[in-house]
Amino acid sequence: MGAKYIIRLDDACQTMDHAKWLRMENLLDKYAIKPMVAVIPDNKDSSFNCERVNDNTFWNRVRAWQKKGWEIAQHGYTHEYVSKNSGDFTIGNNYSEFAGLLYRVQKEKIKKGYQLLQEKGITVTLWIAPAHTFDYDTVRALREETDITTISDGIALYPYKHKGFVWIPVQVANFIKVPFGYWTICIHPNEFSDKDFNKLESAIQKFHSQIVAMQEVKVYEGFFIKIVNYIFKIIFNLLIKYKRKFHPQVKS
Ligand SMILES: [Zn+2]
């Protein structure tokens, strides 16, 4: 069937680089692509300090994204890295907003972030952890405090079910030509250069028929897919040691 690609945009917040995000939106609209978007409920990470807009302007924009079929994700709570723990699903980052914190602390953060999004009129079913770092307590808190059903993370070849959630793997930061699997391309629009935008547009033109929205993702179950994903993870972890392009990103 050929590989499928999902585009994921990270770090939407009030103080994001609005011009770059608009450029990204126009680019994706041009090709009718519906990405996942990681929205920080109450950003306190000073590295996204580009321009602050009126609260309503930002949330109107998020609601408009959701209305046109973009998949909004809860991206942590404040995006502050308060722990040096890598969590249970890491790709090597040793900083986190959640991993290693007490369950009740994680639960409170998740609850506050989820409620804040709801207050803004945004109901999410997708979770994206800042820095890809979280642990089984985070997963438990998501189950207890939210109606989230899907997690965008983990190294695998095909989406699968685990701990009551659908997991859609995230493997790369750029399009790569591969014969099969579901590949999430994790993009940080705040850090995008002109060159990055041009490169992305060329890739979109090349892979257009294989780019899917989250709703189109097929979830696989059974022993065979577990083995395939397990073997893939071993190979992939070896590859990222030697080939930078196979690394999703350091920061998220
Ligand atoms: Zn992030």
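Bear in mind these aren't lab numbers, they're just calculated from the coordinates by the rules spelled out. Please read all numbers here as calculations on a predicted model, not as lab measurements. Backbone-built Cβ (ideal geometry, glycine too); neighbour counts: all protein chains shown.
What's the extension gain from Lys226 to Ser46 if we count 0.36 nm per residue and subtract their Cα-Cα distance?
Values: separation 180, 0.36 × 180 = 64.80 nm, distance 3.96 nm.
Result for the pair: 60.8 nm of gain on full extension.
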Pairs of Cα atoms under 8 Å, at least six residues apart: use those to get the relative contact order of region 72-147, whole percent. 43
Relative counts (whole %) of C-alpha pair distances in region 128-252, using bins that are 5 Å wide: 2, 9, 18, 21, 22, 16, 8, 4, 1
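What do you get for Rg/Rh of region 119-160 when both radii come from the Cα atoms and Rh is the Kirkwood radius?
Values: Rg = 11.4 Å, Rh = 11.6 Å.
Using only Cα positions, Rg/Rh for region 119-160 is 0.99.
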Suppose only helical runs count, i.e. DSSP H with n ≥ 4. What mean residue ellipticity at 222 nm does that imply for the chain under -39500 (n - 2.57) per run, divided by all residues and rounded to the nearest 500 deg cm²/dmol? -11000 deg cm²/dmol
Give me Arg140, Arg61, Arg8 ranked fewest to most by other Cβ atoms within 10 Å of their Cβ, as a rough exposure proxy. Arg140, Arg61, Arg8
What is the Cα coordinate range of region 1-138 on the first, second and third principal axes, sorted by size from largest, in whole angstrom? 45, 43, 26
Compute the whole-percent fraction of alpha carbon pairs in the chain spaced more than 33 Å apart. 13
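For the chain, what's the relative contact order in percent, using C-alpha pairs closer than 8 Å and at least 6 residues apart?
Numbers: 495 pairs, mean separation 60.4, N = 252.
Averaging sequence separation for qualifying contacts and normalising by length gives 24 percent for the chain.
About the Cα centre, and with charges only on the beta carbon of Lys, Arg (+1) and Asp, Glu (-1), how big is the dipole of the chain? Nearest 20 debye, please.
Details: 35 positive and 27 negative charges, 140 e Å.
The dipole of the chain has a size of about 680 debye.
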Among the helices of the chain (complete DSSP H runs), which have Cα atoms covering no less than 15 Å along the helix axis and a Kyte-Doolittle mean of at least 0.0? 223-242
Footprinting proxy, Ser193, Ser152, Ser47: sorted fewest to most Cβ within 10 Å, the residues are Ser193, Ser47, Ser152
Compute the distance in nm between two label points, each set 7 Å from the Cα along the Cα-to-Cβ direction, one at Val178 and one at Lys161. 2.3
Using the structure shown, list the pairs from Lys20/Lys161; Lys177/Lys226; Lys44/Lys107; Lys120/Lys233 with a Cα-Cα distance above 29 Å, or answer none. Lys20/Lys161; Lys120/Lys233
Stretch Thr149-Glu191 to full length: gain in nm at 0.36 nm per residue minus the Cα-Cα span? 12.2 nm
